[in-house]
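> Please find one structure pasted underneath; my questions will follow.
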Amino acid sequence: MKRASRVRDEALDIIEEGNRPSAEAIARRVEMSSADVHRCLNFLEKKGKVETYRKEVMGVEHRLVGVNR
């Protein structure tokens, strides 16, 4: 399996658990760089499988993810 496909599959599994994780949290869990995860999320968002939004927490902006239903 290609690396990108593995990251997408693992990211979707994490998101479908019902959490709204940040891109950084997904990156830590799949042991990939946050840049790779952001690319994966961009792909999934274009395909309509997830939706992302930004939220500022303690002065730091985070990209959060949810499943598009």
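> Work out how much length V67 to E16 would gain on full extension: take 0.36 nm times their residue separation and subtract the Cα-Cα distance, in nm to one decimal.
Working: separation 51, 0.36 × 51 = 18.36 nm, distance 0.65 nm.
Between V67 and E16, full extension yields 17.7 nm more.
> Starting from the exponent 0.38 and prefactor 2.2 Å, build the expected Rg for the chain from its residue count and divide its actual Cα Rg by it. Mind showing how you got there, number by number?
Values: Rg = 11.2 Å, N = 69, 2.2 N^0.38 = 11.0 Å.
For the chain, the normalised Cα radius of gyration is 1.02.
> Which value in deg cm²/dmol, rounded to the nearest 500, describes the helix-derived mean residue ellipticity at 222 nm for the chain, given -39,500 (n - 2.57) per DSSP H run of n ≥ 4 and division by the residue count? Walk me through the numbers before you get to the answer.
Details: 3 runs with 35 residues, N = 69.
Computed ellipticity for the chain at 222 nm equals -15500 deg cm²/dmol.
> Using mean Cβ contacts within 10 Å as the protection proxy, how do 14-26, 43-55 order, highest first? Show your work: numbers first, answer last.
On the way: 14-26: 16.2, 43-55: 13.6.
Highest-to-lowest ranking by the protection proxy: 14-26, 43-55.
> Next question. Local charge sum around N19 (other residues, Cβ-Cβ under 12 Å, Lys/Arg +1, Asp/Glu -1)?
-1
> Mind giving me the nanometre distance, one decimal, between the label points for K47 and E31, set 7 Å out from Cα along Cα→Cβ?
2.3
> Carbon and sulfur atoms: what percent of the 1.4 Å accessible area of the chain do they account for?
Numbers: 2120 of 4640 Å².
Within the chain, the accessible surface is 46 percent carbon and sulfur.
> Here's something else I'd like to know. Find out how many positive minus negative residues lie around E31, taking Lys and Arg as positive, Asp and Glu as negative, among other residues whose Cβ is under 11 Å from that of E31.
On the way: positive: R6, R28, R29; negative: E10, D36.
Value of the local net charge: +1.
> Still on this structure: Would you mind putting 29-39, 56-66 in packing order, based on average other-beta-carbon counts within 10 Å, highest first? Present the calculation step by step, with values, prior to reporting the outcome.
Working: 29-39: 15.5, 56-66: 12.0.
Listed from highest to lowest mean packing, they are 29-39, 56-66.
The values are calculated or read from the model by the stated rules, or taken from the named source; none is laboratory data. Model, not experiment: these values are computed from the prediction. Glycine also receives a Cβ, built like all others from the backbone with ideal geometry; neighbour counts cover every protein chain displayed. These accessible areas exclude ligands, DNA and RNA; they are computed on the full protein's heavy atoms, side chains included. Shrake-Rupley method; radii C 1.70, N 1.55, O 1.52, S 1.80 Å.
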